[in-house]
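A short write-up of the structure that comes next.
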Amino acid sequence: MGRWYSYDFEARFKHPPMLETERLRLRPVREDDAEAVFAAVSDPDVTQHLAWDAHYRVSESVSFVRWVMDESAAGRPAQWAMETKDGGRFIGLCGIVAVEPKHHRAEVGYWLGRRDWNRGYMTEAVRETLRYGFDDLGLFRIEGFCLPDNLASIRVMEKAGMVYEGTLRRYLWAKKRHHDLRVYAILRGEFATADR
């Protein structure tokens, strides 16, 4: 059956570690990230494939940041802030957004500000999130979902080694309509043997 870590996930999510990649730090979200969040998600092109709308006021981003922090404080999965090692600039969020301990399964989620599109940052962050999920949390399966026309997200998941498994028809209700979702996943053994 393979190993399974009997971790107290609540305690682990309350105190998430800072992760590092070649160019990025993935760290817990802070209240002072709100203005950088607003600068990114006030752009409708950034949120067009997300389940929520662009922010039109800084106060919306403040509330969002506080919600992410509250999720972590309550021991629930919460995304990391992504910042560049060169300058410490906030560029987006990435991390485990849901976990099913009984099934050794989790979901990865992410978004990136337009300024940093097409630089490979998100693939780098997703790969490190997968590594954390498998190596540190002992997960067996990590999955991701995206809208069928979100070509950038599809590329990220494929470059990270995730495999397309099918489309869930009208699975998500967001922005006043039902949406199909493409399902991608990777198993621990597949990640262990992938070219990282």
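Quick note: the coordinates plus some simple rules give every number you see, no bench work behind them. Remember, it's a predicted structure, so these values are computed and weren't measured experimentally. Methodologically, a virtual Cβ is constructed for each residue, glycine included, from the backbone with ideal geometry; neighbour enumeration extends over all protein chains shown.
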Stokes-Einstein translational diffusion, the chain - Kirkwood Rh over all Cα pairs, 1.002 mPa s, 20 °C, in µm²/s: 125 µm²/s
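Based on the Cβ-Cβ distance of residue 66 and residue 169, what FRET efficiency does E = 1/(1 + (r/R0)^6) give at R0 = 45 Å, to the nearest 0.05?
The formula returns an efficiency of 0.85 here.
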Additional length obtainable on full extension of the chain from residue 58 to residue 35, 0.36 nm per residue less Cα span: 7.6 nm
Under 21 Å from the Cα of residue 102 - lysines, other chains or at least 8 residues apart: 14
Assigned charges on the beta-carbon of Lys, Arg, Asp, Glu; the chain dipole about Cα centre (debye): 340 debye
Relative contact order for the chain, counting Cα pairs under 8 Å that sit 6 or more residues apart, in percent: 18 percent
Reachable aspartates and glutamates, given that their alpha-carbon falls under 18 Å from the alpha-carbon of residue 85 and they are not under 8 places away in the same chain: 20, 22, 32, 33, 116, 124, 128
Cα shape, segment 105-183, gyration tensor, a/c 1.5 rule: oblate
Calculated [θ] (222 nm, deg cm²/dmol) that DSSP helices of n ≥ 4 give over the chain, each run adding -39,500 (n - 2.57): -8500 deg cm²/dmol
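When Lys and Arg each count +1 and Asp and Glu each count -1, what net charge do the other residues less than 15 Å away from residue 90, Cβ to Cβ, add up to? The partial results should precede the final answer.
Working: positive: 23, 25, 27, 30, 85, 89, 114, 115, 119; negative: 31, 32, 33, 35, 43, 83, 86, 116.
Neighbourhood net charge equals +1.
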Signed unit charges on C-beta, dipole axis of segment 70-177, positive-most listed residue 157, 134, 167: 167
